[in-house]
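Quick one: the structure is below, questions incoming.
Bear in mind that the values in this text are calculations on the coordinates, not laboratory data. Just so we're clear, the structure is a prediction, and the values are computed from it rather than from any experiment. Heads up, the Cβs are rebuilt from the backbone with ideal geometry, glycines too, and the neighbour counts pull from every protein chain shown.
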Amino acid sequence: MAELDTSSGGGHKKGPGVKKAKKLSTRVDLTPMVDLGFLLITFFIFTTTLSQPTTMKLFMPKDDVKDEDLTKIKESGALNIIMGKSNGVYYYEGMDPSQLKASSYKQIRDEIIKKKASTPADDLFITIKPDKESSYKNLVAILDEMTINDIKRYAIDPANDVEFALVQRTEQANGIH
Amino acid sequence: MGRAQVKRKSTAIDMTAMCDVAFLLLSFFILTAQFKPSEALPVTIPNSVAAKAAKLTTDAFVVTINPEGKVFIELSDESIREKVLNNMEGIKGSKLSAGDEGAFKQSNFIGAPWDAMPSFLSMTPEQLKKTDLPGVPVDSTGGDLRDWISAGLQAYGGDMDRIHFIIKGDDSSRYPVFASVLGAFKKNNVYRFQLLTSPEAPPQGTELYKQYVKGIKQED
């Protein structure tokens, strides 16, 4: 780096009594500036990569399937998850909707894992039943649980009237509006 | 015996070079970062563990569901807009004026029934933000959305592998709207979708987390 020549050469010589001005160093400690630079870099990198959206794949079946092509489910391996309003989630095992139990989006994972552990892998079938008042966020959250818990067989099937009525009754009893 | 004295070195390092590198990288990242364009349709997308990055710029046909449950179509790929519009005119059997066609190529999204397109296209971006847009009608038979999807498919010669159907739903939109959007797609024999989500790390201790730790990637 270029350094300034601060010594006065060729000028008039100072007398013996005159104090020489102290030579100040031109170097600055750049450590805090480096710190700041890297801090900003890390900040920008973390904030930019997080905003990149991702896509979740969804395959839906055809509506007009013949009866013999329908997926057959064993009653012992069936788990039905019903999504209600105000982020409510309910589930029942098998075919009997009256066995409905209330759960939450935090607890439902434990129920799925429990069911998965207690049923043979080929029998497990989860039916995702959004009702008329559930939100899109709830649907994505449950679909996400399928990926998280590595569930191979599941389907989306809107809640039927019996289930909807049961969920409504439970919601009223729990004071959810 | 005289021992050679170790010369004491200064512990201070010259930070200039490191500082140069830090700020060079900083300016590089700032300049290459793409700014999010201000969105005409504010939508909060849900979180998921899905890891596949969304391709929103090329060959994307995005169906947006806003918090009020209205449906919009975003064709971010400008090159196909003209084709889609021509196909739609063919399906509906009525043509837009030349001026409206020009406006269509410039507009970022479709947010009105076909009959109301001229007045929708005549609005400026500021007006669009203020007005309560009607959205693309979707009913039990699919409505205009069904026709737009059909027009989009025709623009790609019916090749479903080339066009990406992306559904961008708001967190708070209701399931029935989503179901009717799916219905409109099914009317066109489209059964594969991509749901737009914000990325999230797999929760610890779960099956997916174990796969993730082992390095098994999710299927695309």
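Using the per-residue mean of other Cβ atoms lying within 10 Å as a proxy for protection, in what order, highest first, do the peptides A:137-143, B:82-88 fall? Before the final figure, lay out the partial values.
Working: A:137-143: 22.3, B:82-88: 18.6.
Averaged packing, sorted descending, gives the order A:137-143, B:82-88.
Just report the Cα centroid separation between the stretch B:132-149 and the stretch A:64-135, whole Å.
One Cα centre to the other: 31 Å.
From the C-alpha gyration tensor of the protein assembly as shown, pull out the three semi-axes of the equivalent ellipsoid (sqrt of 5λ each), sorted largest to smallest, in whole Å.
58, 34, 19
To test your reading of the geometry: what angle, between 0 and 90 degrees and rounded to tens, separates the Cα axis of helix A:136-148 from the longest principal axis of chain A?
For helix A:136-148, the angle is close to 90 degrees.
Another one. Would the stretch B:156-215 count as rounded, prolate or oblate if I go by the C-alpha gyration tensor, calling it rounded below 1.5 in a/c and otherwise prolate when a/b exceeds b/c, oblate otherwise?
Verdict is oblate for the stretch B:156-215.
Which ordering of B:64, B:44, A:26 is given by a fewest-first count of other beta-carbon atoms within 10 Å?
Ascending Cβ contact count within 10 Å gives the list A:26, B:44, B:64.
Report, to the nearest 10°, how far helix A:31-50 tilts away from the longest principal axis of the Cα atoms in chain A, using its own Cα long axis and a range of 0 to 90°.
Orientation of helix A:31-50: about 20 degrees from the principal axis.
What is the fewest-to-most order of A:145, A:163, B:200 by other Cβ atoms lying within 10 Å of their Cβ?
Least to most surrounded, the residues fall as B:200, A:163, A:145.
For chain B, modelled as a GNM with alpha-carbon contacts under 10 angstrom, which of B:205, B:69, B:90 fluctuates the most?
B:205
A further question on this structure: So what is the relative contact order of chain B, in percent, for Cα pairs below 8 Å that sit 6 or more residues apart?
27
Note the full-extension length gain between residue A:47 and residue A:168 as 0.36 nm times their separation in residues minus their Cα-Cα distance, in nm to one decimal. Mind dumping the intermediate values first?
On the way: separation 121, 0.36 × 121 = 43.56 nm, distance 4.18 nm.
Full-extension gain reported as 39.4 nm.
Students often check this: by mean Cβ neighbours within 10 Å, which of B:24-32, B:160-168, A:77-85 ranks highest, and how do the rest follow?
Details: B:24-32: 12.2, B:160-168: 17.8, A:77-85: 22.6.
Ranking, from highest mean packing down: A:77-85, B:160-168, B:24-32.
Taking R0 as 25 Å, what FRET efficiency do you get between residue A:68 and residue A:121 from their Cβ-Cβ distance, rounded to the nearest 0.05?
0.55
Taking a 23 Å limit on the Cα-Cα distance, which of the listed pairs A:57/A:152; B:55/B:214; B:70/B:186; A:101/A:129; A:66/B:92; A:72/A:106 fall beyond it?
B:55/B:214; A:66/B:92; A:72/A:106
Is the C-alpha gyration tensor of the stretch A:126-165 telling us rounded, prolate or oblate? Criteria: a/c under 1.5 is rounded; beyond that, a/b larger than b/c is prolate, otherwise oblate. Before the final figure, lay out the partial values.
Details: a/c = 3.52, a/b = 1.64, b/c = 2.15.
Because a/c hits 1.5 or more and a/b fails to exceed b/c, the stretch A:126-165 counts as oblate.
Pull out a ≥ b ≥ c, the square roots of the eigenvalues of the alpha-carbon gyration tensor of chain B, then state rounded if a/c is under 1.5, prolate if not and a/b is larger than b/c, and oblate in the remaining case. Don't skip to the answer; put the middle values down first.
Working: a/c = 3.01, a/b = 2.06, b/c = 1.47.
Prolate, since a/c reaches 1.5 and a/b exceeds b/c.
Summarise the partner chain shielding of B:159-171 as one whole number: the mean count of Cβ atoms from other chains within 10 Å of each residue's Cβ. Numbers along the way, then the final one.
Working: counts 0, 0, 0, 0, 0, 1, 1, 2, 4, 2, 5, 3, 6.
Whole-number average of other-chain Cβ neighbours for B:159-171 is 2.
Also, I was wondering about something else. Could you work out the percent of alpha carbon pairs in the stretch A:74-173 separated by over 23 Å, rounded to a whole number?
Cα-Cα pairs in the stretch A:74-173 separated by more than 23 Å: 16 percent.
Enter the angle in degrees (range 0 to 90, nearest 10) between the Cα long axis of helix B:143-155 and the first principal axis of the Cα atoms of chain B, meaning the one along which they spread out most.
Rounded to the nearest ten degrees, it is 70.
Further question on the same structure: Tell me, what is the percent relative contact order of chain A, built from C-alpha pairs under 8 Å that lie six or more residues apart?
Rounded, it is 18 percent for chain A.
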